[in-house]
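Report on the structure given below.
The values are calculated or read from the model by the stated rules, or taken from the named source; none is laboratory data. Small disclaimer: the values here were computed from a predicted structure and weren't measured. All Cβ positions, even for glycine, are placed from backbone atoms using ideal geometry, and neighbour counts span all protein chains on display. These area figures cover heavy atoms from the full protein model, side chains too; ligands, DNA and RNA do not enter into them. Shrake-Rupley method; radii C 1.70, N 1.55, O 1.52, S 1.80 Å.
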Amino acid sequence: MSRNPFPRNSLGRKNLMAITGLFLCLFLVIHLAGNLQLLLPPEQARLQYNLYSEVLSHNIIIKVISYVLYASILAHAVYALLLTLKARAARGQQEYVYDRREQTAPWYRRFMGVLGALLLVFIVMHMKDFWFQYKFTSVALDSAGRKDLYAIVEQAYTQGWYVALYVLSMLVLGFHLWHGFFSAFPTMGLYH
């Protein structure tokens, strides 16, 4: 008898969401560490960041981890939607007679789905603007003969609207993580 690897009950789905969410948090910390190289003096940042990008794009371990990352993003989003739909069906599409959630739960907790959807849009945009260009378009080379991803990043951040969009997206990410990170441990039974 084969066992279905995908959880069908709410507790299993919540645990999967917690695990994928924590993995995504770990990825964000590593991604941030790599991107902090952009704050070095310009010429050093260009060479260092482009070397970092080249190493990542040619490393088989990173390629495998990237597939796990994509699967985690997808699983996290799908199970969030499934849990939301199941909760809505359980209460019969009716709101509670006396609902005081706005007084007891912070707004970002009540709007995790909206924040998550905004983040999904941001991820697609971010991948299109940087990863897709690096992988699938003709990119100029730096003085060391590497694809100059630094120039793409530098050009993108000279546009005020783009910087504002990224700052807003980081605020959305911050609120999503604030609730998600701290609720993951109780969900998994690691902290009560």
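From ILE19, ILE30, ILE73, ILE62, grab the single residue that is farther than 25 Å from TRP178 by Cα and out of contact with any strand residue (DSSP E or B) (no Cβ under 9 Å at 6 or more places or on another chain). Full working, then the answer.
Values: ILE19 fails: farther than 25 Å from TRP178 by Cα; ILE30 fails: farther than 25 Å from TRP178 by Cα; ILE73 fails: farther than 25 Å from TRP178 by Cα.
It is ILE62.
Just wondering, is there one or more residues in the range 79-86 that are surrounded by 12 or more Cβ atoms within 10 Å (Cβ to Cβ) and either at pLDDT 95 or above or in contact with a Gly (Cβ under 7 Å, 6 or more places away or on another chain) (or both)? Looking for residues that are surrounded by 12 or more Cβ atoms within 10 Å (Cβ to Cβ) and either at pLDDT 95 or above or in contact with a Gly (Cβ under 7 Å, 6 or more places away or on another chain) (or both), one finds at least one in the range 79-86, hence yes. Has the range 166-189 got any residue that is of a type in the set (Ser, Thr, Tyr), touching a residue at least 24 places away in the same chain (Cβ under 8 Å), within 19 Å of ARG13 (Cβ to Cβ) and assigned to a helix (DSSP H, G or I)? Yes, there is a match, as at least one residue in the range 166-189 is of a type in the set (Ser, Thr, Tyr), touching a residue at least 24 places away in the same chain (Cβ under 8 Å), within 19 Å of ARG13 (Cβ to Cβ) and assigned to a helix (DSSP H, G or I).
Contact map, the range 124-143: first residue among the polar types (S, T, N, Q), second residue open to solvent by 70 Å² or more (accessible area, probe 1.4 Å), Cβ cut-off under 9 Å, separation 6 or more or different chains; pairs are SER143/GLU43. The C-beta contact set for the range 34-52 (first residue over 14 Å from ALA151 (Cα atoms), second residue modelled with pLDDT under 95 and open to solvent by 40 Å² or more (accessible area, probe 1.4 Å), distance under 8 angstrom, 6+ apart or interchain) comprises GLY34/LEU56. Checking each residue in the range 66-78 for being within 15 Å of LEU22 (Cβ to Cβ) and surrounded by fewer than 16 Cβ atoms within 10 Å (Cβ to Cβ) picks out VAL68, ALA71.
Results for (1) open to solvent by less than 50 Å² (accessible area, probe 1.4 Å); (2) in contact with a helix residue (DSSP H, G or I) (Cβ under 9 Å, 6 or more places away or on another chain); (3) within 23 Å of PRO42 (Cα to Cα); (4) aliphatic (A, V, I, L, M), shown as yes or no for each residue.
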{"residue": "GLN155", "(1), (2), (3), (4)": "no, no, yes, no"}
{"residue": "THR158", "(1), (2), (3), (4)": "no, no, yes, no"}
{"residue": "TRP161", "(1), (2), (3), (4)": "no, no, yes, no"}
{"residue": "ALA164", "(1), (2), (3), (4)": "no, no, yes, yes"}
{"residue": "VAL167", "(1), (2), (3), (4)": "no, no, yes, yes"}
{"residue": "LEU173", "(1), (2), (3), (4)": "yes, yes, no, yes"}
{"residue": "HIS179", "(1), (2), (3), (4)": "yes, yes, no, no"}
{"residue": "ALA184", "(1), (2), (3), (4)": "yes, yes, no, yes"}
{"residue": "MET188", "(1), (2), (3), (4)": "no, yes, no, yes"}
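Of the residues making up the range 137-148, not a single one is out of contact with any strand residue (DSSP E or B) (no Cβ under 8 Å at 6 or more places or on another chain) and in a helix (DSSP H, G or I).
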